[in-house]
Amino acid sequence: MRIGVVFEKGERLRHLGHLDLMRTMQRCLRRSGLPLSYSKGFNPHILLYFASALSVGAVGEHEIMEVDLDRNMDVSQFMNLLSVSCPPDLRILQAFEIREGTPALMSLVCAGAWRMEVQDPVSDQRLCGQVDAFLAQTTVMAMRKTKSGEKEVDIRPSVFSLEYREGMYHMVLESREARSCKPGVLLEAMCRLAVMDVPRVRLWREYLLGERQGEGMERLERLLCAN
Amino acid sequence: MQMDSERIEAMLEKVQKAPRYMGGEMNAVIKPWDQTALHYGFCFPDTYEIGMSHLGMKILYGLVNAQPDWLCERFFMPWTDMIALMKEEGIPLFSLESRKALCQFDMIGFTLQYEMSYTNILAMMDLGGVTLKCAERKRDEPIVVAGGPCAFNPEPLADFVDAFMIGDGEEVTLDVCRTIQAWKTSGQDRQACLKALAEIEGVYVPSLYDVTYHEDGTIAAMRPNCPQAPEKVRKCIVTDLNSAYYPEKIPVPFTEIVHDRIMLEIMRGCTRGCRFCQAGILYRPVRERSLDRLLDLACELEESTGYEDISLSSLSSGDYTCLADLIRGLMKKLQDRRVSVSLPSLRIDSVLKESLEETQKERKTSLTFAPEAGTQRLRDVINKGVTEEDLMDKARDAFEGGWSSVKLYTMIGLPTETEEDLAGIADLGAKVTACYFRVPREKRAKGLRVVVSASSFVPKPFTPFQWCAQDTQSLLREKQEIIKAHIRNIKGVTFNYHESRTSFLEACFSRGDRRLGSVLLYAYQHGCMLDSWSECFQYDVWMQAFEACGLDPAFYANRVRGRDEVFPWDVIDAGVTRAFLWHEWEKARRAEVTPDCRQGCQGCGIQRYPGVCQYANRRRV
Ligand code: SF4
């Protein structure tokens, strides 16, 4: 049985990297006593898949992972068992069955919704004035790290939306294997436009967006549930 | 002082390895500060990754927190980048749980695992807003206590630690906490607290003793200066490990630490009597946990942590009476949960071939053997009851069992060592290599790797070698070169050796007296800390410190001590008598071995306490 889990990587765990988070989640799952499926082979590991890696420094408000079980069980029972096995700042928010035949979560993700706060007010002042100027551009070149090194790409099409509201930058950024724009890359690009140093920021990933063929974007958990 | 969480967050954004300082781990204990009557700050004077790997910390943390009325929170030594930030921001050292400053706790306890962590103790107190010197601490500052193996010679830390707990901590810790809790609300001065602590068995309060010296610098006498302080402080011994506290939940770090697994202490103590080994004496007598208790604990811990790995911990796990049953039992119970079992400190003469085969099912890492010395004569001197034949048998078993990587641990600078012994070390490497090639090609794993490593011997208190001089650094370096030259010609063997400067300082502090407090303070104030990290170790500053304080390090490290010299640690009764140790030293010089306690009691002194040692007073065979 495939189960989708929505969880929160809380404020205190902001500085946890993806590998540490994966290891932690594996131990939470092991503690839970759930009938987990393991990979075959010499070094068996839990079948656990994160929809999208979250970088060090960011809080994740609705992160999504898939856990595979050896047998069917009630999702609310699943949720209870897993919830009590997690440390306080890792909260399980929702669990649901993923229909067989659903593609891997990673391939469904197309974007992330982010919130960003610039720490010092002076930089914030300067930066928020750049939002409209940024959006007015048709191309914005930036370096993107890929497996084979750095490559210059146009990030403008990957910035689906960008808005400054009540002291926060709200943005929806593309996040696909082939094309993506990380918040840090966008920030750097904006700072280049404003001719200013890159300030310290805090980041929250609010939720992930998925896309079904031919239809528009939708929150990933909703898309998976409806499936 | 209320810690500003926002400012801590801002610091964590800038430091390397922020999870070290983050807290919030699974099974970390959070208790309401205002509703607990005693606040205990547990301090491990090294980094998070090292401290969190330490079993004793987990036992004491669990033990104190198991008392509903008390709270225990953790502190570790921050790395240099964090220290700089904390100073810049004016943020004191804070606990991982509720982020309270060290100075807000009623008591703080340091665990003393190695001498090279002593400057970290000063650094942590300093960062935490605690006055460094006992004599200058104010009424409302924490009572500073310390325990662990190095507490058996507490004197170098006498200026900084109010009270030491000697021996097994499970019971004495509770007594000490109770006393401090009662004192906290009593309105009495610190002195009253220290005197009350001195009355607890197993507690040593250095300020209640006066030391006088001979003209040559050796100690004339060390005497109590108040009626509460005993002539000798007897170490605490937990007689029954089965009923002793053992945590069923331990904090599980988010980030990788050195020993990232469940550690199951299967027994305490060791019956073998290696003469260089301080732990072997300090933890006497040997006590085992029962098979049933261990299997229960293993399951509890596995369920509460989710760890995928469990290791057996003790000085000599191979000697555990039902080792094969234990391993089989663990495998059976934990197999479905895919937990692997590893045996860390295998002695070369004690491993059942069968259990080797059982553990290897899970994984194959490198095997470690500790012959310690290169010739039979020298192994007899140190009473390491291992023969070359044993070593070769075990090496062959290991190679046939599919291992191809072997580490050989040895020491240089042992008493009576000659050039032949050094050549012998290289020779062992050669013979192990030959042993590998004798195993048919299709039966052995590829990629032979033999690492011979040599550490410099440090004479320790409460061992038969406590009277010996440590070799000078130049001699130790010469010896390293000799071995290196021998090993250069052997294919497949690499040679590793440790920096002799660190061993030299270790030798000074392990048998040092309270005058070294000034050296420690000077070194710390001139930038020494994190000394066990080679990138931070500042040997020259240490030498300056000795000079500035008018003390000669060679006096502590390289001097042969007289049979009747008063030692700084004579105030401690470690159970084993000085007469026994001297007798062992004499036998060592004749290269005469002493049998294992299991073959008959050797009369080490522990037998004076009835019912403590299971092997005591048995007829000799
Ligand atoms: S009392 Fe006897 S048997 Fe017990 S540890 Fe000492 S020598 Fe060994």
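The values are calculated or read from the model by the stated rules, or taken from the named source; none is laboratory data. Because the structure is a prediction, the values reported are computed rather than measured. Please note: Cβ atoms are built from the backbone with ideal geometry, for glycine as well, and neighbour counts cover all protein chains shown. Keep in mind that these areas ignore ligands, DNA and RNA; they rest on the heavy atoms of the full protein, side chains included. Shrake-Rupley method; radii C 1.70, N 1.55, O 1.52, S 1.80 Å.
Summary of values
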read-out	value
Complete set of residues in segment A:203-214 that are part of a strand (DSSP E or B) and either out of contact with any His (no Cβ under 9 Å at 6 or more places or on another chain) or polar (S, T, N, Q) (or both)	A:L203, A:W204, A:L209, A:G210, A:E211
Count of segment B:509-543 residues which are modelled with pLDDT of 95 or more, polar (S, T, N, Q) and more than 29 Å from B:D570 (Cα to Cα)	2
All helices (runs of 4 or more DSSP H) inside segment A:95-202 with 2 or more residues being among the polar types (S, T, N, Q)	A:121-128
From A:L29, A:L19, residue being surrounded by fewer than 17 Cβ atoms within 10 Å (Cβ to Cβ), within 11 Å of another protein chain (Cβ to nearest Cβ) and in a helix (DSSP H, G or I)	A:L19
Residue among B:I572, B:I487 that is of a type in the set (A, V, I, L, M), closer than 30 Å to B:R608 by Cα and in contact with a strand residue (DSSP E or B) (Cβ under 7 Å, 6 or more places away or on another chain)	B:I572
Residue list for segment B:21-40, restricted to those being open to solvent by 10 Å² or more (accessible area, probe 1.4 Å), within 14 Å of chain A (Cβ to nearest Cβ) and at negative phi	B:Y21, B:M26, B:A28, B:V29, B:I30, B:K31
Checklist (1) surrounded by 15 or more Cβ atoms within 10 Å (Cβ to Cβ); (2) farther than 29 Å from B:A591 by Cβ applied to B:R438, failing item	(1)
Subset tally (residues that are within 16 Å of the ligand (Cβ to nearest atom), open to solvent by 40 Å² or more (accessible area, probe 1.4 Å) and either within 14 Å of another protein chain (Cβ to nearest Cβ) or hydrophobic (A, V, I, L, M, F, W, C) (or both)) for segment B:544-581	1
Any hit, segment B:179-202, residues being surrounded by 20 or more Cβ atoms within 10 Å (Cβ to Cβ), within 23 Å of B:T463 (Cα to Cα), of a type outside the set (F, W, Y) and touching a residue at least 24 places away in the same chain (Cβ under 8 Å)	yes
Filter result for B:A18 (facing chain A (nearest Cβ under 8 Å) and touching a Lys or Arg at 6+ places or on another chain (Cβ under 9 Å))	yes
Single condition B:L71 does not satisfy, out of (1) within 19 Å of B:E171 (Cα to Cα); (2) out of contact with any His (no Cβ under 6 Å at 6 or more places or on another chain)	(2)
Test for B:C43: is it in the same structural domain as B:T185 (by TED's automatic domain parsing), free of Cβ contacts under 8 Å to residues at least 60 places away in the same chain and either under 25 Å from the mean Cα position of the chain (by Cα) or surrounded by 21 or more Cβ atoms within 10 Å (Cβ to Cβ) (or both)	no
Test: residue in segment A:43-53 that is more than 9 Å from every other protein chain (Cβ to nearest Cβ), within 23 Å of B:G24 (Cα to Cα) and surrounded by fewer than 16 Cβ atoms within 10 Å (Cβ to Cβ)	yes
Residue within segment A:64-85 that is within 9 Å of chain B (Cβ to nearest Cβ) and over 15 Å from the mean Cα position of the chain (by Cα) present	yes
Residue satisfying all of: in segment B:586-607; open to solvent by less than 70 Å² (accessible area, probe 1.4 Å) and more than 8 Å from the ligand (Cβ to nearest atom); nearest to the chain's Cα centre (by Cα) among these	B:D596
Verdict on A:M171 being under 30 Å from B:R7 (Cα atoms), modelled with pLDDT under 95 and open to solvent by less than 60 Å² (accessible area, probe 1.4 Å)	no
Set B:T271, B:T173, B:T218: member being open to solvent by less than 20 Å² (accessible area, probe 1.4 Å), among the polar types (S, T, N, Q) and within 16 Å of the ligand (Cβ to nearest atom)	B:T271
From the options B:L295, B:L326, B:L330, B:L312, residue that is away from chain A (no Cβ under 14 Å) and outside any helix (DSSP H, G or I)	B:L312
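To keep it simple, each residue is scored yes or no on (1) within 16 Å of the ligand (Cβ to nearest atom); (2) within 30 Å of B:D240 (Cα to Cα); (3) open to solvent by 40 Å² or more (accessible area, probe 1.4 Å).
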position: B:Y522; (1), (2), (3): no, no, yes
position: B:S532; (1), (2), (3): no, no, yes
position: B:W542; (1), (2), (3): no, no, no
position: B:A616; (1), (2), (3): yes, yes, no
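Matching residues to (1) within 19 Å of the chain's Cα centre (by Cα); (2) on the phi > 0 side of the Ramachandran plot; (3) open to solvent by less than 10 Å² (accessible area, probe 1.4 Å):
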site: B:F75; (1), (2), (3): yes, no, yes
site: B:T80; (1), (2), (3): no, no, no
site: B:M107; (1), (2), (3): no, no, yes
site: B:A123; (1), (2), (3): no, no, yes
site: B:E136; (1), (2), (3): no, no, no
site: B:E141; (1), (2), (3): no, no, no
site: B:A151; (1), (2), (3): yes, no, yes
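Yes/no matrix, rows are residues, columns are (1) modelled with pLDDT of 95 or more; (2) of a type outside the set (V, I, T); (3) not in a strand (DSSP E or B):
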site: B:D159; (1), (2), (3): yes, yes, yes
site: B:V172; (1), (2), (3): yes, no, yes
site: B:G187; (1), (2), (3): no, yes, yes
site: B:L194; (1), (2), (3): yes, yes, yes
site: B:E215; (1), (2), (3): yes, yes, yes
